[in-house]
Amino acid sequence: MWRFRVLALALALALCPLSWAPATARAPGSTPPRCVSHLNDPVPALGVLPFANAPCPGVRPGGLVLTGAEQCTLSFLFRGADRHIYIATAGHCLLAEEGERLWRPGTGPRARTPDLFAAGIEDEFGIAPVGSAIAGARRGEFPIGEFAYARSGNGYEGRDFALIRLDQGVSYSAAVCHFGGPTGVYTYTDKAAPASVAAPLVFRMYGHGLGVSAGTPARTWIGQIPFRDEVAFAWGPGFLGDSGAPVVVDDGRAVGVMVAINVGGDWGPSALGSEVIVRLGPAVARAEKVMGIKLTLLTAPVA
């Protein structure tokens, strides 16, 4: 265990040498020291390895979000017609029961993230955080915004999506961790082909799941087409904590948000452990209707 902690500390120092600057994202009135942020740098040139343990801190698709007692994964970013920036995740990460909620600015539940630069190393490495005197922050956590919209219910029917309204001044990147993108929205609509002869499709995702996925957050899945109206399905490893993870195809177009592990049956592939993905287009269209604003996907090049 001590070797792992030393390795983690060395990784943090390599990612961010001991040079300090004021935080870009902070609660009003607080100016804690913070390591210089690299959130807006391009995705590292790691190629397109199908599986990788590339670290990816910060507010971006594939980042980690804490919502009360839940740990989930951040997904795609949007610019609202109201000039706010929103970032998606799974609705059940906030709402434990079926329903749909809308919160006006200043009234939504708060969202937080472990911040490597403000808090040292994520708590699971067992290293005490440093520079965590951020107003409103818990040990090793950093506030990023508040929920503006959430829908939770039957993820197999697409009712599982949420948007966080980022605080002013919070640094963010639109690029999906490791793989890059989104370059747009994947809009496969061919419903004629029966599932038995549907062609496979390569999906890329980055999630903060437990178990095996903790060591390989960047993963490749095999998707199945045709899609359903609201959801898509894929074969591949997924775990608790991956909920909200961004899913893209090879050219970077966004498929949607991972929300559940399928146990088989009529909802998709019969294999135990196949993944359920809420399609981005229909989910965003529903959110726009309820929120009463236009949401524009923020794009980024593929890695």
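Summary of computed values
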read-out: Search result, residues across the stretch 60-89 that are among the hydrophobic types (A, V, I, L, M, F, W, C) and at pLDDT 95 or above; value: L74, F76, L77, F78, A81, I85, I87, A88
read-out: Residue under evaluation R138, criteria (1) surrounded by fewer than 17 Cβ atoms within 10 Å (Cβ to Cβ); (2) at pLDDT 65 or above; (3) at negative phi, criterion not met; value: (2)
read-out: Some residue of the stretch 168-185 being part of a loop (DSSP other than H, G, I, E, B), modelled with pLDDT of 85 or more and aromatic (F, W, Y); value: yes
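The values are calculated or read from the model by the stated rules, or taken from the named source; none is laboratory data. A quick note: this is a predicted structure, and the numbers were derived from the prediction, not measured. Cβ coordinates were reconstructed from backbone atoms using ideal geometry, including for glycine residues, and neighbour counts include every protein chain displayed.
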